[in-house]
Structure formats: C-alpha cells, structure tokens
1. If you go through the stretch 14-37 one residue at a time, do you hit one that is open to solvent by less than 70 Å² (accessible area, probe 1.4 Å), small (Gly, Ala, Ser), assigned to a helix (DSSP H, G or I) and at pLDDT below 95?
2. Does Gly101 fit the bill of being more than 20 Å from the chain's Cα centre (by Cα) and either open to solvent by 30 Å² or more (accessible area, probe 1.4 Å) or more than 20 Å from Leu263 (Cα to Cα) (or both)?
3. Taking the stretch 66-92 as the region of interest, how many residues are β-branched (Val, Ile, Thr) and free of Cβ contacts under 8 Å to residues at least 60 places away in the same chain?
4. Looking at (1) open to solvent by 20 Å² or more (accessible area, probe 1.4 Å); (2) modelled with pLDDT under 95; (3) within 30 Å of Pro248 (Cβ to Cβ); (4) part of a helix (DSSP H, G or I), which is the one condition that is false for Gly110?
5. Right, Ala118: in contact (Cβ under 8 Å) with a residue 40 or more places away in the chain and touching a Ser or Thr at 6+ places or on another chain (Cβ under 7 Å) or not?
6. Given the options Tyr146, Tyr84, name the one that is touching a Phe, Trp or Tyr at 6+ places or on another chain (Cβ under 6 Å) and open to solvent by 50 Å² or more (accessible area, probe 1.4 Å).
7. Working only within the stretch 180-215, note down all residues that are at pLDDT 95 or above and open to solvent by 60 Å² or more (accessible area, probe 1.4 Å).
8. Out of the residues in the stretch 163-179 that are in contact (Cβ under 8 Å) with a residue 60 or more places away in the chain and open to solvent by 50 Å² or more (accessible area, probe 1.4 Å), which is nearest to Leu253 (Cα to Cα)?
Amino acid sequence: MRYRFYWLAPALALALLLCLLPLPLQAADPDTPKAVIFIDPGHGGSDSGAVYHGAGFTLEEAEVNLDVALLTADRLRERGYAVYLSRETMDQPGGSEDVNGDGQSNNRDGLQSVVDQANAAHADLFLSIHHNGSTNPNAAGSEVYYCADRPFADDSFRFGQLVLDEVLAALARQGYDSPNRGVMDDAVLYSRGAYHGHLFVLGPLRTPNPSAFARPMPTGSERRRWAPKLRATEMPGVLSEALFVSNPYEARLLTQPRIRAALADAFANAVDRYFAPTPGG
C-alpha cells in the first residue's frame, strides 16, 4: 500500500512549478484596432484644388488626393488600424450642409465638417493629404505642415517629420529625388496681412487678433472669409504636400499608379513608425 501513491510527489512538484510560471499573454483581440486614423483627402466638390493643364493631360489635385487617401486607408486597415475618411467621393465633405451656421454653404463648411468628423471618430491621429500648387511652374518638392500653437504640437511635429522622411524615401525608390522643403509651422503661410491664422484643419479656434491690426473689424465677404472656427481638431495631425500639381514633371509623376501607390505606402509607414514602441518604453 505504501507504493500506491508513488506518483504523487512528482505530480505535486510539477503543479508547484506550473504555479510559479508567468501566465501566458492573451492574444490580441482582432476586433480592437491598433489606433484610429482620420484621413482627409483635401478639397472636393466645387473646390478642385490645384490644377495642371498642358502637355496633353489635365490633372486635378482633388482627384489625386482622394485616390492616394483611399490607397492609404486600404494599407492601414490591412495593418490593423481603424480608418475614417472625410470623403470617399469627389463631393465636398459634409455635402451642402451649412455646418458653421453662417447662412451659406461653401468650402468653409466643408473644412468645419472635416474637423467635426475627425473629432466624432475619436481619432488618435489626423492626416490631411494635399498636393501643392504655385504660379511658378518650376516650384517642386515635398513639404509637410503642422501647427505649433496646439497642446500636442510636439507629437504633430514628430509625425510630420516621419511623413516627410517616408515620402522622400518612397519617391527616391521610384527614381525621383524630390526636393526636401521641410516640416513647417503652418503659421508661416499667414505671416503677412492684418490677420494671423493657421490651416483650418490643424490650427486652434480661429478668431481675429485685435493686436495684429489697427483698423475696424472686417465686413461682408472679408468677415465671412475669416469667420471664427466653431470647433478645432482634438488630436495630433499634419497636412502633407507631397508633390506639386503645378509642376509639369511632378504632375506627370502623379498620373502614374506606381507613384500614387508609393505615396500611400509612405503614409502608412509613417503611421506605423509613429505608433511604434520607443526603445526602453
């Protein structure tokens, strides 16, 4: 009888060892996204953005922005992100609704709609995809804007640098060394005139700055142009100007599916790098 439980001691030892081992990590929930990304394909509706017409083809910025944004969204969703877009057609974001309540329906409502959609999605990151335009057809290259006048400005700048790095690298792999125009505070776009502001989708609430001018408040169309912004985006974000639609060579590049795909890869890679764990973190 004393040998009947000869197996008991090893079994108890094994049970004790299992208790001391760390519990296995739970598998990630496939329904839980890595993060929520909001993509704004700039312009839309009656606002076509920059337009190139010549050398046998016409190119509208709004169409390029949308195509690259849709490609970027596909890549991010494949990588486990939740993605929302301000528009998925050539229509203006928000349709014809008077979003800002000024009694008109125009592109200012579209911009406010973009902001409202991003906030409603509780996005962790905001990316506005644009392509540049200039009266100088020789203007070329890649640039990114962020707003330094926000509480999350450092995160926006970091994301902007990642976007620019990835765009330049992606274009170089396609055989084009795009001029590096840098990551810039959007305030540089409004450095002249009586009013100081920021890009609508990146900046804080917009109100006229009384200290910046010594004349009466604007009226009529000027007041409407600088109407206060009712709501601002609540997350880090940037606006990318990957190439110039107004430059004949870069416009030709933007007609090519391989270039658009390369830009989408660049944006998706930048998002991945933004959310990558920091060393030692």
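1. Yes, there is a match, as at least one residue in the stretch 14-37 is open to solvent by less than 70 Å² (accessible area, probe 1.4 Å), small (Gly, Ala, Ser), assigned to a helix (DSSP H, G or I) and at pLDDT below 95.
2. Judged against the criteria, Gly101 is a match.
3. Number satisfying all stated conditions: 2.
4. Condition not satisfied by Gly110: (1).
5. yes
6. Step by step, each of Tyr146, Tyr84 is checked, and only Tyr84 is touching a Phe, Trp or Tyr at 6+ places or on another chain (Cβ under 6 Å) and open to solvent by 50 Å² or more (accessible area, probe 1.4 Å).
7. Across the stretch 180-215, the qualifying residues are Asn180, Arg181.
8. By that ranking, first place goes to Gln174.
The values are calculated or read from the model by the stated rules, or taken from the named source; none is laboratory data. The structure displayed is predicted, hence computed values, not measured ones. Note that we place each Cβ from the backbone using ideal geometry, even for glycine, and neighbour counts take in every protein chain shown. The protein model used for the area step is the full one, side chains on, heavy atoms only, and it has no ligands, DNA or RNA in it. Shrake-Rupley method; radii C 1.70, N 1.55, O 1.52, S 1.80 Å.
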